[in-house]
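For reference, the structure is listed below as structure tokens.
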């Protein structure tokens, strides 16, 4: 089975501030991969490097078999990315935001968007400024999923979602993965990784530790965080 994500010796430095050091990671097609770690450990830096939003000093990244630097635009067409904090124009209606995201893709996503809106119980007539954090997250989910990408990259996606919506969100991921997609899930929530992920890794002090199993007990998990804070 081919690697959808292949990172070799990735190093990104911010000078005195921590970046990531010699990160190696391969994720195969059909995986739901849990990407754990405390704030500042390097998860977002790794993701932003993958998507070409950051220039890194050393290493290489291939996404869907293509180089993250030279083939960035082609990669982004096939990726559904949901950042941890999505920014929208407050005056826009939800429906307009979704249509705008569709227009950027230059494809008709209306049927898929309609399905997602229904499943997530999202009111598309409201303006962004009227939405709770959870409903803003739903807008981000629709924008990331409506073009049926080959690879999903979610950065802390479930914050603000109630338990029922969290369950629906993971049901959607599983449905897309069953149809051939792959998912990288960056999260702080250990239970999500234990329940839904096939493989997992932990970022700590800019370095990546691959786990033998996504099943990790609370004591081991907290040890990573305690060590990070010392």
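Points to keep in mind about this one:
- Filtering region 111-122 to residues that are in contact with a helix residue (DSSP H, G or I) (Cβ under 7 Å, 6 or more places away or on another chain) and either surrounded by fewer than 14 Cβ atoms within 10 Å (Cβ to Cβ) or touching a residue at least 40 places away in the same chain (Cβ under 8 Å) (or both) leaves 116, 119, 120.
- None of 56, 35 is touching a helix residue (DSSP H, G or I) at 6+ places or on another chain (Cβ under 6 Å), in a loop (DSSP other than H, G, I, E, B) and either crowded, with 16+ Cβ neighbours inside 10 Å or at pLDDT 90 or above (or both) except 56.
- Residues in region 123-147 that are more than 22 Å from residue 185 (Cβ to Cβ), without any contact (Cβ under 8 Å) to a residue 40 or more places away in the chain and out of contact with any helix residue (DSSP H, G or I) (no Cβ under 6 Å at 6 or more places or on another chain): 123, 125, 127, 129, 130, 131, 132.
- Of everything listed in (1) buried (at least 19 other Cβ atoms within 10 Å of the Cβ); (2) within 19 Å of the chain's Cα centre (by Cα); (3) part of a helix (DSSP H, G or I), the single unmet condition for residue 88 is (3).
- Any hit, region 181-192, residues being within 13 Å of the chain's Cα centre (by Cα), within 23 Å of residue 137 (Cα to Cα) and part of a helix (DSSP H, G or I): no
- Complete set of residues in region 205-230 that are assigned to a strand (DSSP E or B), in contact with a helix residue (DSSP H, G or I) (Cβ under 9 Å, 6 or more places away or on another chain) and either at pLDDT 85 or above or closer than 23 Å to residue 173 by Cβ (or both): 208
- Output for region 65-76, where each listed residue is free of Cβ contacts under 8 Å to residues at least 60 places away in the same chain, surrounded by fewer than 16 Cβ atoms within 10 Å (Cβ to Cβ) and either on the phi > 0 side of the Ramachandran plot or touching a helix residue (DSSP H, G or I) at 6+ places or on another chain (Cβ under 9 Å) (or both): 66, 67
The values are calculated or read from the model by the stated rules, or taken from the named source; none is laboratory data. These numbers come from a predicted model, not from an experiment. Backbone-built Cβ (ideal geometry, glycine too); neighbour counts: all protein chains shown.
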